[in-house]
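The values are calculated or read from the model by the stated rules, or taken from the named source; none is laboratory data. Computed from a predicted structure; not experimentally measured. So basically every Cβ, Gly included, is an ideal-geometry build from the backbone, and we count neighbours across all protein chains shown.
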Amino acid sequence: MNAPAPSSAVQATAAQPSTVTDCLLAALYDLGVRDAFGLVGGAIAPFCDRLSRSAIRDFQVRHEGGALFAAVEASLAADRPVLAFVTTGPGLLNALTGAMAARWEGARVLLVSGATSGAQRGRWAVQETGPATLPAEAVYRPGAIFHDATLLEAPEALGGFLERLAEGFSRPEGFVAHLGLPIAVQRAPLAPLSVRSQPVRRPLPAPALLDRAAAALAEGPFGIWVGHGARAAAAEVRALAEAVGAPVVCTPRGKGVLPETHPLFLGVTGCGGQDHVEPVLAGLGLRRMLVLGSKLGEFSSCWSPALAPPAGFVHVDVDPAAFGAAYPEVPTLGVVGDAGRVALALRERLAEGAGPTWVRPAVAPAVGAGTLLPQELLAAVQEVVVEGAGAPVLAESGNAFLWANNLLRMPAPGRYRVSGLWGSMGHTTSGILGLAAVRGRAVALVGDGAMLMMNEVSTAVQYGLPAVWIVLNDARMGIVEKGMAGLGLRPYQTDLPRTDFAAMAVAMGARGLRVRLASELRAVLAEAMSVPGPVVVDVEIDPDEPSPFARRVSTLHAMGARASA
């Protein structure tokens, strides 16, 4: 890993003139890129050689998918674009799942891949990579995976791509691009290019639409439903809610936008959401819901009709495609705009009011009868990690994020991350690299199945990253087992051989800790948070404790995944 240099440019000399790679790396630095995650290979080696001499900090990972997941989390945590790099063939294809996650999560990522040079295509080159061997419409053209993508055949075409990249990185909904670089082009000479970064746009709708939205909300009591798109608007959301007395609920990715201990905060919706939210909302008699920065998809809402008040939604999002998509039957006034700016404008237009009176349901602490329950683990994580260490938490797809969505209480935005939209196993076990690289000590709550599928513990050891993996070890694919059982199906090969993840961590050079009793939890977690480098905490949990999965089962039922008679 190279140390950041004060200059944005890769230094060229008379003996080694400026190349396409030099120009690209200097431009990326000027666009705000400070970190890169990837995996070297022969076809990307010239690029990596110049990257190692650049001002961009680079991390060599163990799997291309891990590089993209790390780039996603680094981009979101630092609020800036991140570079990922991979080689030809399987290197590029391994990266595509992470690229989709980047797009769905709203990250800003450029993926640079190696490509076979034109003169060698069609001659059975090893890992031949180009339009003839890969689906060009998917990887070298804008589409469902990449907002922009191109195979750079001529050095002079780089300037146009960089201009589009600068514009794309200013989009508030995120931007994911792919640049294929043939080996010959990576080394081709090119005069230095100039590119300017653009601030991220924060659109504000016309006053007439804001007046209309305010009038609709003023017709009766309304609530506020915040999502990931409102993560930068915590102050404005709080000011609006407190001024008008509106109760607030959040999606799993919106945890912390309003502190979860705030008197106006009712709870979390969607997958792993809290059971009391819907009856409490029904008892408040709300007429409308102001949605700020959520597309209200399955992970955020489970499409529950109980979350749609009788007069529907005033829906604020930077993407107009969000309006009416998840709830096509619900009346919706769509407002294209930045959540924070719109919340501020609505506060100026709405009368002050008192908040609702409601009592947060008391939850008795769960205690295992000889076995450690997930609830006991999450209570310890709340105390030691969230409140004690103040570390950010990233939760893996599966039972880990269901328990975390339901039980953790976040005091601020940016303290909790979960990938529930694309929902790749391995996102968190690898993505924790990016979070730790830009934020310092960070914690990943993961399942044993995901930890076996993909992890970057070895990479964290190499760079001394302060990443902590807490493994919910139940020796099975728990969410799949419980999901199939909930659908009336016989679980299909969900048992896993018992794995000692602490020993696995030690074998890779990390610190490994084990927990088998609830009484050990707090001391072991405190030790993990004090270790300067990477740590894996293996927590053996009760495999039979039902997770908060009922809403997800209901949506699977709605999709027709019932067992046949």
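Just one of 175, 161 is surrounded by 21 or more Cβ atoms within 10 Å (Cβ to Cβ) and either under 29 Å from the mean Cα position of the chain (by Cα) or under 17 Å from residue 20 (Cβ atoms) (or both); which is it?
Answer to the check: 175.
Out of 321, 380, 326, 395, which single residue is in the same structural domain as residue 527 (by TED's automatic domain parsing) and out of contact with any Pro (no Cβ under 9 Å at 6 or more places or on another chain)?
Details: 321 fails: in the same structural domain as residue 527 (by TED's automatic domain parsing); 326 fails: in the same structural domain as residue 527 (by TED's automatic domain parsing); 395 fails: out of contact with any Pro (no Cβ under 9 Å at 6 or more places or on another chain).
The conditions single out 380.
Working only within region 97-130, note down all residues that are among the basic types (Lys, Arg) and within 16 Å of residue 177 (Cβ to Cβ).
To start, the set of residues in region 97-130 that are among the basic types (Lys, Arg) comprises 103, 108, 121, 123.
Within region 97-130, 103, 108 qualify.
What number of residues within region 484-495 are over 27 Å from the mean Cα position of the chain (by Cα) and part of a loop (DSSP other than H, G, I, E, B)? I'd like the intermediate steps shown before the answer.
Within region 484-495, the subset over 27 Å from the mean Cα position of the chain (by Cα) is 485-493, 495.
Filter again for part of a loop (DSSP other than H, G, I, E, B), leaving 487-493.
Summing the residues that are over 27 Å from the mean Cα position of the chain (by Cα) and part of a loop (DSSP other than H, G, I, E, B) in region 484-495 gives 7.
State whether the residues of region 413-433 include one that is over 15 Å from the mean Cα position of the chain (by Cα) and either assigned by TED's automatic domain parsing to the domain that holds residue 78 or under 20 Å from residue 539 (Cα atoms) (or both). Don't jump to the end; show me each part of the working.
Taking region 413-433 and keeping what is over 15 Å from the mean Cα position of the chain (by Cα), we get none.
No, every residue in region 413-433 fails to be over 15 Å from the mean Cα position of the chain (by Cα) and either assigned by TED's automatic domain parsing to the domain that holds residue 78 or under 20 Å from residue 539 (Cα atoms) (or both).
Which of the residues belonging to region 481-532 are touching a Ser or Thr at 6+ places or on another chain (Cβ under 8 Å) and surrounded by fewer than 16 Cβ atoms within 10 Å (Cβ to Cβ)?
509
Yes or no: region 290-298 includes at least one residue that is touching a Pro at 6+ places or on another chain (Cβ under 8 Å) and either modelled with pLDDT under 95 or within 22 Å of residue 341 (Cβ to Cβ) (or both). Let's see the steps before the verdict.
Of the residues in region 290-298, the ones touching a Pro at 6+ places or on another chain (Cβ under 8 Å) are none.
For region 290-298, residues touching a Pro at 6+ places or on another chain (Cβ under 8 Å) and either modelled with pLDDT under 95 or within 22 Å of residue 341 (Cβ to Cβ) (or both): absent.
I'd like to know if region 462-473 contains one or more residues that are among the polar types (S, T, N, Q), in a helix (DSSP H, G or I) and not assigned by TED's automatic domain parsing to the domain that holds residue 70. Let's see the steps before the verdict.
Our first condition is that a residue be among the polar types (S, T, N, Q); within region 462-473, this holds for 462, 473.
Narrowing further to those that are in a helix (DSSP H, G or I): 462.
Narrowing further to those that are not assigned by TED's automatic domain parsing to the domain that holds residue 70: 462.
Looking through region 462-473, at least one residue is among the polar types (S, T, N, Q), in a helix (DSSP H, G or I) and not assigned by TED's automatic domain parsing to the domain that holds residue 70.
Would you mention how many residues in region 92-106 are touching a helix residue (DSSP H, G or I) at 6+ places or on another chain (Cβ under 6 Å), surrounded by fewer than 24 Cβ atoms within 10 Å (Cβ to Cβ) and either part of a strand (DSSP E or B) or not hydroxyl-bearing (Ser, Thr, Tyr) (or both)? Outline the logic, then answer.
Within region 92-106, the subset touching a helix residue (DSSP H, G or I) at 6+ places or on another chain (Cβ under 6 Å) is 94-95, 97-99, 101-102, 105.
So of that shortlist, the ones also surrounded by fewer than 24 Cβ atoms within 10 Å (Cβ to Cβ) come out as 94, 97.
Add one more test, that the residue is either part of a strand (DSSP E or B) or not hydroxyl-bearing (Ser, Thr, Tyr) (or both), and what stays is 94.
Final tally of qualifying residues: 1.
Just checking, which of 219, 242 is more than 17 Å from residue 314 (Cβ to Cβ) and either among the acidic types (Asp, Glu) or within 27 Å of the chain's Cα centre (by Cα) (or both)? Write out each step before concluding.
Details: 219 fails: more than 17 Å from residue 314 (Cβ to Cβ).
Within the list 219, 242, the selection yields 242.
Within region 444-453, does at least one residue satisfy the condition of being touching a residue at least 12 places away in the same chain (Cβ under 8 Å), within 14 Å of residue 501 (Cα to Cα) and either β-branched (Val, Ile, Thr) or not assigned by TED's automatic domain parsing to the domain that holds residue 392 (or both)?
The answer is yes; a qualifying residue exists.
Please return the ranges of helices (runs of 4 or more DSSP H) entirely within region 128-215 where 3 or more residues are closer than 30 Å to residue 315 by Cα and in the same structural domain as residue 289 (by TED's automatic domain parsing).
Numbers: elements: 136-139, 158-168, 183-187.
Qualifying helices (runs of 4 or more DSSP H): none found.
Is there any pair with a first residue in region 505-524 that is in a helix (DSSP H, G or I) and a second that is among the charged types (D, E, K, R) and surrounded by fewer than 16 Cβ atoms within 10 Å (Cβ to Cβ) whose Cβ atoms are under 8 Å apart and which are 6 or more apart or on different chains, and what are they?
522/383
Can you pull out the residues in region 39-81 that are among the hydroxyl-bearing types (Ser, Thr, Tyr) and in a loop (DSSP other than H, G, I, E, B)? Quick ask: steps written out before the conclusion?
Start the filter on region 39-81 by keeping residues that are among the hydroxyl-bearing types (Ser, Thr, Tyr), which leaves 52, 54, 75.
52, 54, listed by residue number.
Quick check, is residue 369 more than 30 Å from residue 99 (Cα to Cα) and either in the same structural domain as residue 538 (by TED's automatic domain parsing) or not in a helix (DSSP H, G or I) (or both)? Steps first, answer last, please.
On the way: more than 30 Å from residue 99 (Cα to Cα): yes; either in the same structural domain as residue 538 (by TED's automatic domain parsing) or not in a helix (DSSP H, G or I) (or both): yes.
So residue 369 passes the test.
Within region 318-351, work out how many residues are closer than 20 Å to residue 273 by Cβ and either of a type outside the set (A, V, I, L, M, F, W, C) or modelled with pLDDT under 95 (or both).
Of all residues in region 318-351, those closer than 20 Å to residue 273 by Cβ come to 322, 325-327, 330.
Then keep just the ones that are either of a type outside the set (A, V, I, L, M, F, W, C) or modelled with pLDDT under 95 (or both); that gives 327.
The number of residues fulfilling the criteria is 1.
Could you grab me the full set of residues in region 377-431 that are on the phi > 0 side of the Ramachandran plot and not in a loop (DSSP other than H, G, I, E, B)?
Taking region 377-431 and keeping what is on the phi > 0 side of the Ramachandran plot, we get 390, 398, 414, 423, 426.
Correct list: empty.
Are any of the residues in region 115-134 at pLDDT 95 or above, surrounded by 14 or more Cβ atoms within 10 Å (Cβ to Cβ) and under 17 Å from residue 94 (Cα atoms)?
Kept after step one, since they are at pLDDT 95 or above, are these residues of region 115-134: none.
No: region 115-134 contains no residue that is at pLDDT 95 or above, surrounded by 14 or more Cβ atoms within 10 Å (Cβ to Cβ) and under 17 Å from residue 94 (Cα atoms).
From the residues in region 349-364 that are surrounded by fewer than 10 Cβ atoms within 10 Å (Cβ to Cβ) and not charged (D, E, K, R), which one is nearest to residue 211 (Cα to Cα)?
Applying the first criterion (surrounded by fewer than 10 Cβ atoms within 10 Å (Cβ to Cβ)) to region 349-364 yields 351-352, 354, 357, 359, 362, 364.
Retained after the next criterion (residues that are not charged (D, E, K, R)): 351, 354, 357, 359, 362, 364.
Details: 351: 13, 354: 22, 357: 28, 359: 33, 362: 40, 364: 45 Å.
Checking each candidate, the answer is 351.
When region 322-348 is examined, which residues are found to be without any contact (Cβ under 8 Å) to a residue 12 or more places away in the chain and among the hydrophobic types (A, V, I, L, M, F, W, C)?
As a first pass, look at region 322-348 and keep what is without any contact (Cβ under 8 Å) to a residue 12 or more places away in the chain: 323-324, 328-329, 348.
Matches in region 322-348: 323 only.
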